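The values are calculated or read from the model by the stated rules, or taken from the named source; none is laboratory data. A quick note: this is a predicted structure, and the numbers were derived from the prediction, not measured. Cβ coordinates were reconstructed from backbone atoms using ideal geometry, including for glycine residues, and neighbour counts include every protein chain displayed.
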Amino acid sequence: KSVRKELQQQDGELLQNNASEEEVISIVKELMKKYALPEHVVTILLWMSLMNIVAWNKRQELVSAQDIKHLRPYSALLAAFTTSNRAELALLVRVQEYFYDNMSFMKVFEKILVLFYRADVLSEDGILTQNISTVKEYKNLFK
């Protein structure tokens with residue numbers, strides 16, 4: 001089993017078992033040091049774990065409320081691992097990819113950006129650096 005898969009699985013288990021934010025941050029930081037994982041990789045693994053622990057509603061109009069409600073409590077957790085511009089950009093790209101692959105989330109993308117900006121997960125510089133409208137495959141989707 002790869003280190004990344006192991007970390008993602010452990011993150012998912014901690015989150016599903018309602019471990020405290022401090023506990024998750026502490027354990028993940030220990031694993032980061034133990035396996036010499038860079039922050040941007042850990043940020044992506046956390047995002048994937050967060051999105052995989054939920055049974056998403058099939059009705060598109062309900063996904064928006066469910067998504068914000070699910071991610072809001074974990075904003076500080078993500079913020080703990082987005083202290084570098086590279087980690088912010090990695091998270092932003094992964095969020096875009098996830099929403100592109102799961103079209104029912106498209107209407108909520110801007111709300112997620114605002115949520116993450118207000119929670120200091122993403123900085124204004126990180127968002128502007130990515131310059132969403134110039135990414136070819138998302139050009140029509142994220143204007």
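Please determine whether any residue of the stretch 70-79 is of a type in the set (Lys, Arg) and over 22 Å from Asn18 (Cα atoms). No, the conditions are met nowhere in the stretch 70-79.
Flag: Glu6 does not match the condition of being in contact with a Leu (Cβ under 8 Å, 6 or more places away or on another chain), of a type outside the set (A, V, I, L, M, F, W, C), without any contact (Cβ under 8 Å) to a residue 24 or more places away in the chain and loosely packed, with under 14 Cβ neighbours inside 10 Å.
Anything in the stretch 59-87 that is over 22 Å from Ile27 (Cβ atoms), in contact with a helix residue (DSSP H, G or I) (Cβ under 8 Å, 6 or more places away or on another chain) and either not in a helix (DSSP H, G or I) or not aliphatic (A, V, I, L, M) (or both)? List them, or say none. Within the stretch 59-87, Gln60, Ser64, Asp67, Asn85, Arg86 meet the criteria.
Assess whether Arg59 counts as being loosely packed, with under 15 Cβ neighbours inside 10 Å and touching a Leu at 6+ places or on another chain (Cβ under 8 Å). It is false that Arg59 is loosely packed, with under 15 Cβ neighbours inside 10 Å and touching a Leu at 6+ places or on another chain (Cβ under 8 Å). Looking only at residues in the stretch 53-101 that are within 28 Å of Pro38 (Cα to Cα) and among the aromatic types (Phe, Trp, Tyr), the one that is modelled with the highest pLDDT is Phe81. Of the listed requirements (1) without any contact (Cβ under 8 Å) to a residue 12 or more places away in the chain; (2) under 19 Å from Leu115 (Cα atoms); (3) of a type outside the set (Ser, Thr, Tyr), Met32 misses just one: (2).
Among the conditions (1) touching a helix residue (DSSP H, G or I) at 6+ places or on another chain (Cβ under 7 Å); (2) of a type in the set (A, V, I, L, M, F, W, C); (3) over 25 Å from Glu124 (Cβ atoms), Leu46 misses just one, which is (3). In this structure, Val108 does not satisfy being crowded, with 16+ Cβ neighbours inside 10 Å, under 11 Å from the mean Cα position of the chain (by Cα) and either part of a helix (DSSP H, G or I) or in contact (Cβ under 8 Å) with a residue 24 or more places away in the chain (or both).
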